1. Only residues that are over 14 Å from GLU45 (Cβ atoms) and not in a loop (DSSP other than H, G, I, E, B): list them for the range 65-81, please.
2. Could you check the range 21-64 and list, in sequence order, the residues that are polar (S, T, N, Q), open to solvent by 10 Å² or more (accessible area, probe 1.4 Å) and part of a loop (DSSP other than H, G, I, E, B)?
3. Return the residues of the range 91-105 that are closer than 26 Å to CYS32 by Cα and open to solvent by 60 Å² or more (accessible area, probe 1.4 Å); say none if nothing qualifies.
4. Which of the residues belonging to the range 52-62 are within 13 Å of the chain's Cα centre (by Cα) and touching a residue at least 24 places away in the same chain (Cβ under 8 Å)?
5. Being without any contact (Cβ under 8 Å) to a residue 40 or more places away in the chain and out of contact with any Lys or Arg (no Cβ under 8 Å at 6 or more places or on another chain) is the filter here, so list the residues in the range 78-97 that pass it.
6. For the list (1) modelled with pLDDT under 95; (2) open to solvent by 60 Å² or more (accessible area, probe 1.4 Å); (3) of a type in the set (Val, Ile, Thr), I need the number of the one condition that THR72 fails.
7. Anything in the range 82-105 that is among the small types (Gly, Ala, Ser) and part of a loop (DSSP other than H, G, I, E, B)? List them, or say none.
8. Just checking, does the range 69-77 include any residue being of a type outside the set (Gly, Ala, Ser), in contact with a helix residue (DSSP H, G or I) (Cβ under 6 Å, 6 or more places away or on another chain) and without any contact (Cβ under 8 Å) to a residue 24 or more places away in the chain?
Amino acid sequence: IQLRNWAWWDSVHNTPAIFDTWQIIFWLLKLCQITNDKKYLEAAERWADFIVNNQEQDGSWIKYAFNNQPHTYYSRVSWALLELWQINKNDKYKNLAIKQLNWVL
């Protein structure tokens, strides 16, 4: 289900999926917190990089989004990026999450 580019595969639409991928980040961050093993944090960063590398200039996601259209409920994706930022303090994740949330507004 995990692809080489760290995306999560949407088996219904046969494509990588931005929305499905964000959910994995939450589980990886929780595993890092429980085990104190940084390999889970590093994996979460790779999953997050797939997300941010596919963000549109305006902050939305179209590529690998449901029906290749931007959706405001992808603010949940930004939530995962902000959770990651709270742990690793990499402003890239915070800034891109805020960019998407501004697009939502």
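The values are calculated or read from the model by the stated rules, or taken from the named source; none is laboratory data. The structure presented is a predicted model; accordingly, all values stated were derived computationally and were not measured. Cβ: placed from backbone, ideal geometry, glycine included. Neighbour counts: every protein chain shown. The area values use the complete protein model at the heavy-atom level, side chains included, leaving out ligands, DNA and RNA. Shrake-Rupley method; radii C 1.70, N 1.55, O 1.52, S 1.80 Å.
1. Those that are over 14 Å from GLU45 (Cβ atoms) and not in a loop (DSSP other than H, G, I, E, B): PHE66, ASN67, ASN68, THR72, TYR73, TYR74, SER75, ARG76, VAL77, SER78, TRP79.
2. ASN36, ASN54, GLN55, GLN57
3. Answer for the range 91-105, where residues must be closer than 26 Å to CYS32 by Cα and open to solvent by 60 Å² or more (accessible area, probe 1.4 Å): ASP91, LYS92, ASN95, ILE98.
4. Within the range 52-62, the first condition is being within 13 Å of the chain's Cα centre (by Cα), and the residues that meet it are 52-55, 59-61.
VAL52, ASN54, GLN55, GLY59, SER60, TRP61, listed by residue number.
5. SER78, GLN86, LYS89, ASP91, LYS94, ASN95, ALA97
6. Only one criterion in (1) modelled with pLDDT under 95; (2) open to solvent by 60 Å² or more (accessible area, probe 1.4 Å); (3) of a type in the set (Val, Ile, Thr) is unmet by THR72, namely (1).
7. none
8. Scanning the range 69-77, I find no residue that is of a type outside the set (Gly, Ala, Ser), in contact with a helix residue (DSSP H, G or I) (Cβ under 6 Å, 6 or more places away or on another chain) and without any contact (Cβ under 8 Å) to a residue 24 or more places away in the chain, so the answer is no.
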